[in-house]
Structure formats: C-alpha cells, structure tokens
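J.: Take this structure, written in structure tokens, and hold onto it; I'll ask about it next.
No lab work stands behind these numbers, since they all come straight from the coordinates. Everything numeric here is computed off the predicted structure, so don't read it as measured data. Glycine also receives a Cβ, built like all others from the backbone with ideal geometry; neighbour counts cover every protein chain displayed.
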Amino acid sequence: MTGAEAEVNQPTEEQPSAAPSAAAKQQPSDQTEEAEKVWPPLSPEDHRFYNSMSAKMDQIHNYFRASWNELWNACQSGKRPRHKSLNEFLSGGLQFTEHLEAHHNIEERFFFPMLAAKMPEFRPDNGPMVEQHKVIHTGLAELQAYLRDCKRGKADFELRVLKSKMEPWAEVLWQHLDEEVKNLRADNMRKYFTKAEFSRIMI
Ligand SMILES: [Fe+2]
Ligand SMILES: [Fe+2]
C-alpha cells in the first residue's frame, strides 16, 4: 500500500466515502471527482464479493464471443464448420442474435436502471453502455433478418454476405463485451455501492 493509499479512510459498510451524495448525483463533474479518488485495496473476500457481477457477466459474454467467433471464423476461412449442416449453422447464428437481443433487453429494462442511479456508465440517456447497445442493435437486426431469410429459403446463403452483415458492428460489439465487464469490476463497483446496496442489486 502506498503512503497516499494508507491515508485514505476505509469505507464503512453502509457509506462508501466516495458514494455520491444527492447533490453529486445531479452534478456529473462532482461524481467523476468522487469516482477518481484513490481507494485502499479491498480484502480478498470483499474483492470476490464486489467482483461477482463482473465475473458472471464475463461468463455470459464468453458465450456471445464464442458464438460470434464460430460465424466469423467461417467467413474468414470461407468454410462452414464441418460438423454442422447449413441448417444447424443458420440456427446457431440465429440463436446467437436472439440471445444477444434478449440479454440487452433484460439489461436495459432491469439491470442498467439500478446501476444508473449511481453510475454514469449505465445512464439510459447518454451512458456509453446504452449507446453501444444502440449501435449493436442496428447491426444485429440486419444479421438476424438475413439469417432468417436464408432459413426460410427467401435468400441464398453466402459467407461473403454473412461477413458483410457482421463487419460493420464487430468492433463495437467486442468493445462492449469487454467494457461492460470492466465497468462491473470490483474496483469500480465499490466506489458507488455499499456492501448492503450491492447485495440488493446483485445478479
Ligand atoms: Fe452484458
Ligand atoms: Fe450490454
């Protein structure tokens, strides 16, 4: 621990010293200052506790990363996976889009509003997590429509076309999958929530 860290008081159970006050909630610059304070290290137990949401989110996101990679690798190699028929490949892709859509809907409806009360990253009006969702959704809808058309025989499946439906939103998707997990990490969550508050919003 550095001298500067040692001088910082440990937050209490009910009142993290940098938890934004009612006034700070209305003043983003104050909130940013609060969040940028130097914090003392968490005990391993508290780190596990405060990091639990990030760990769960990362697990869920790993499923999306793997699903994306299966489609993307096929585009890059020009070959579908040998163990899957075209129909299975299309179903897998469609399932990926449906699950990602449902995941974002649940986040925006139930999860982000609880976080946004204290964390600017999740604000519904201009928070970066919601802004990234919007960009992802546009690309996701196009990919989903194409895969559905292929499954229904309304369009011929081509890996070249699949790639064109994935490429425009690839960067923001991967950025989002990483940044959301990072924002939920213990070092960030402990700045905004007491342990009691965190227990109530835990997923
Ligand atoms: Fe997520
Ligand atoms: Fe998300």
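J.: Can you tell me how the stretch 51-115 classifies by the Cα gyration tensor, rounded, prolate or oblate, using a/c under 1.5 as the rounded cut? Display every interim value, and only then the final one.
T.: Numbers: a/c = 3.48, a/b = 2.20, b/c = 1.58.
Cα axes put the stretch 51-115 in the prolate bin.
J.: Could you give the alpha-carbon Rg of the stretch 49-203 over 2.2 N^0.38 Å, rounded to two decimals?
T.: Numbers: Rg = 17.4 Å, N = 155, 2.2 N^0.38 = 15.0 Å.
The reported ratio for this selection is 1.16.
J.: Go through the stretch 47-140 and name the trypsin sites (Lys or Arg not before Pro) that are in a DSSP coil and have 12 or fewer other Cβ atoms within 10 Å of their Cβ.
T.: Working: sites: R48, K56, R65, K79, R82, K84, R109, K118, K134; in loops: K79, R82, K84, K118.
Answer by residue number: K79, R82.
J.: Something else: Within 13 Å, Cβ to Cβ, of E98, how many net charges do the neighbouring residues add up to if Lys/Arg are +1 and Asp/Glu are -1? Mind showing how you got there, number by number?
T.: Working: positive: R148, K151; negative: E101.
My count for the surroundings of E98 gives +1.
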